[in-house]
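A single structure is presented below for examination.
The values are calculated or read from the model by the stated rules, or taken from the named source; none is laboratory data. The model shown is predicted, which means the values in this text are computed figures rather than measured ones. A quick note on method: Cβ atoms are made from the backbone with ideal geometry, for glycine too, and the neighbour counts reach across all protein chains shown. Accessible surface areas use protein heavy atoms only, side chains included; no ligands, DNA or RNA. Shrake-Rupley method; radii C 1.70, N 1.55, O 1.52, S 1.80 Å.
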Amino acid sequence: MYRFLVSLSLFVSAIFAEQNLIILQYTGVDVVHKHSNINEEILIERVQPEECLDVHISVEHIYGGDFAHKDLPKNCKKTFATTIGQVMPMSIAKGVKTVGEIEVLDFIKNKSEKYPDKYILIDSRRLSWYEEFTIPSAVNLPFNEIEYDEDFEEDYYNMLKLLNIKKEGEKLDFSQAKTALLFCNAIWCGQSSYAIKYFLKMGYPAKKLLWYRGGVQSWIMLGFNTIKPK
């Protein structure tokens, strides 16, 4: 009987924990996005125009190439490029956890915002993309600027400092390295997966790497807001 009650308690706790994460899409997450010279407070939220709240999706609404019926209100749908890039697998590397939007919100709210010395949200796209829009509070670390290059030695050491990686001679110490959640453009974008694979090659612990496979496209598709870094 005791074991049954313990199991039931754990099951109920798991359900409530999951519900608490799901509710983040409704309550929003307050973050501070650090620009070069200012800190901007912003609420990450799922923008749902009023006319979209009472829309009931039917077969007709998702039939056809656009997956959105012509009668669906404009603010309730978005158009994306889909036949480009290379579709990424669900699991990018052994030990690296793939996450979705709810987990990203949880990571920002309860980890990277509270403990920035231990957790970091990384936009691994090129700087030019990051400067157009990104997920609020994300730090830009381009996938092609991780590997050591003697012509850009300063960038390499800035990267080590950003992630709390210590360099001792020729060896890298990851014992205090931050847990990093990486993303790029979409499920067809390989930039974040490239970055993760190179981190692993460096010796970065897989358990300290998380991957948001959907990236910015899925984030925007679901109505979550972005920020244009200044």
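Enumerate the pairs (first residue in segment 77-89 and under 20 Å from Y194 (Cβ atoms) and open to solvent by 80 Å² or more (accessible area, probe 1.4 Å); second residue anywhere and β-branched (V, I, T) and assigned to a loop (DSSP other than H, G, I, E, B)) with beta-carbon separation below 7 Å, excluding pairs fewer than 6 apart on the same chain, so at least 6 apart or on different chains.
Cβ pairs passing all conditions: V87/I187.
Scan segment 115-138 for residues that are free of Cβ contacts under 8 Å to residues at least 24 places away in the same chain and within 17 Å of K208 (Cα to Cα) and jot them down.
Result: Y115, P116.
Taking segment 209-226 on its own, how many of its residues are within 26 Å of A177 (Cβ to Cβ) and touching a residue at least 60 places away in the same chain (Cβ under 8 Å)? Steps first, please.
Kept after step one, since they are within 26 Å of A177 (Cβ to Cβ), are these residues of segment 209-226: 209-216, 219.
Narrowing further to those that are touching a residue at least 60 places away in the same chain (Cβ under 8 Å): 209-214, 216, 219.
Of the residues in segment 209-226, 8 are within 26 Å of A177 (Cβ to Cβ) and touching a residue at least 60 places away in the same chain (Cβ under 8 Å).
Would you confirm whether any residue within segment 199-216 is aromatic (F, W, Y), open to solvent by 20 Å² or more (accessible area, probe 1.4 Å) and more than 14 Å from the chain's Cα centre (by Cα)?
Of all residues in segment 199-216, those aromatic (F, W, Y) come to 199, 204, 211-212.
Okay, now just the ones that are also open to solvent by 20 Å² or more (accessible area, probe 1.4 Å), so none.
The answer is no; no qualifying residue exists.
Hey, another quick one. Working only within segment 102-146, note down all residues that are surrounded by fewer than 19 Cβ atoms within 10 Å (Cβ to Cβ), assigned to a helix (DSSP H, G or I) and not aromatic (F, W, Y).
I102, E103, D106, N110, K111, L127, S128, N144, E145
What's the number of the only condition in (1) of a type outside the set (G, A, S); (2) at pLDDT 75 or above; (3) surrounded by 11 or more Cβ atoms within 10 Å (Cβ to Cβ) that D66 fails to meet?
For D66, the failing item is (2).
Restricting to segment 25-38, what's the tally of residues that are open to solvent by 30 Å² or more (accessible area, probe 1.4 Å) and within 19 Å of L141 (Cβ to Cβ)?
Total meeting the criteria: 3.
If you don't mind, there's one more thing I want to ask. Residues being surrounded by 13 or more Cβ atoms within 10 Å (Cβ to Cβ), of a type outside the set (A, V, I, L, M) and part of a helix (DSSP H, G or I): count how many of those fall in segment 158-176.
Residues of segment 158-176 that are surrounded by 13 or more Cβ atoms within 10 Å (Cβ to Cβ), as a first pass: 158-160, 162-166, 172-174.
Cutting the leftovers down to of a type outside the set (A, V, I, L, M) gives us 158, 164, 166, 173-174.
Still in the running and part of a helix (DSSP H, G or I): 158.
Result for segment 158-176: 1.
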